[in-house]
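First comes the structure, then the notes that go with it.
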Amino acid sequence: MPVAVSRIVLSQYGANCYVIRASDEAPEAVVVDPGGDPAPLLEGFRGTVDAILVTHTDIDHIEGVADLQRATGAEVWAPAGEAESLASGVTRTGGSVAPHAPEQLVADGDVVRAAGLELEVTGIPGHSSDHVAFAVDGAIFSGDLLFAGSVGRVDLPGGDWQALLGSVRRLLDRYGPDAVVYPGHGESTTLGRELETSPFLAELRDAG
C-alpha cells in the first residue's frame, strides 16, 4: 500500500513541505522540509510528528525547522555535510534562520525509521553539495534536485551540473522510472516522465 502524502506550502518562496504517513489513518507522521512558519501545518494536526526530515539547508527548506521541533519535540534528521548551516542558523547564501542542531545526521545509504516508515536516504549532490533524498514505497522526496519540467539551480555555492545529472541517474538506477517524485517546488512527477520529456535531461537521454 502506498504511503499517504500531503503537501503544504509554508515558505514565502513557494517551497513544498510534505507530511507523510504510513496510511491515511496512521496517527504518526514525518514532515519533510518545513520551510516557514509551521502554524498552518499544526492547526488541527491529527496525531504526532515523529521526525522532521531535511533534504538540504537552503532557507526555503529549513526556516520552520526550529519552531516545528520546539512545538512537537520531534527529532530532526539532516544531511551530515550541511548540518552546520542548520546548527548555526546561517545558510550557504547568507540567509539566517532560527538555529537548531539536528539530533540525527544522515548520508547516502542510511535508513530513517519513524512513524512506522522506513525511508531510504540517497545522496543527490548537484543543487547543493550534500543534498539528500528520502524514498519510501515508490515515493521520492527530492528537495531541489528535480522538478516537473525542470531541475534545481547549480549557480550557488556547492552547485555542480554534472553532479546533478549523476544524481538523477542514481535515482533512476535505484528506484526506476515509475517512482513518483515529490519535489521541493511545484507539482509531483515521475522519474521516467522527466527523463523522457525534460529539456534539462537531454544528456541523460543521449547517454542511453
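Values computed for the structure shown
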item: Cβ-defined net charge surrounding D130, 10 Å radius [Lys, Arg +1; Asp, Glu -1]; result: -2
item: Charge dipole magnitude, Cβ of K and R +1, D and E -1 - the chain, Cα centre, debye nearest 20; result: 160
item: Segment 76-187 - share of DSSP beta bridges that are antiparallel (%, nearest 5); result: 65
item: Segment 10-92 - convex hull of the alpha-carbon atoms, volume per residue in Å³; result: 86
item: Radius of gyration and maximum dimension Dmax of segment 4-206, Cα, Å; result: 15.6, 49
item: Alpha carbon centroid spacing (whole Å) that separates segment 41-55 from segment 80-125; result: 16
item: Peptides ranked, highest mean first, by Cβ atoms within 10 Å: ranges 85-92, 16-23; result: 16-23, 85-92
item: Cut-off 12 Å between beta-carbons: net charge of the residues surrounding V154, Lys and Arg +1, Asp and Glu -1; result: -2
item: Environment charge of A202, counting only residues whose C-beta is closer than 14 Å and scoring Lys/Arg +1, Asp/Glu -1; result: -2
item: Pairwise label distance in nanometres, D173 with V9, each label 7 Å out on the Cα-Cβ vector; result: 3.5
item: The chain - share of DSSP beta bridges that are antiparallel (%, nearest 5); result: 60
item: Dipole of the chain, positive end: most advanced residue of T93, Q12, T57 [Cβ charges, Cα centre]; result: Q12
item: Helix-derived mean residue ellipticity, 222 nm - over the chain, DSSP H n ≥ 4, -39500 (n - 2.57), to 500; result: -6000 deg cm²/dmol
item: Rg(Cα)/(2.2 N^0.38 Å) for segment 106-169, N = residue count; result: 1.13
item: On Cα atoms only, tilt of 161-175 relative to the major axis of the chain in degrees; result: 80
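Every number in this text was worked out from the coordinates using simple rules, so none of it is lab data. If you're wondering where the values come from, they're calculated on a predicted model, not measured in any experiment. Here the Cβ is made from the backbone with ideal geometry for all residues, glycine too, and neighbour counts use every protein chain on show.
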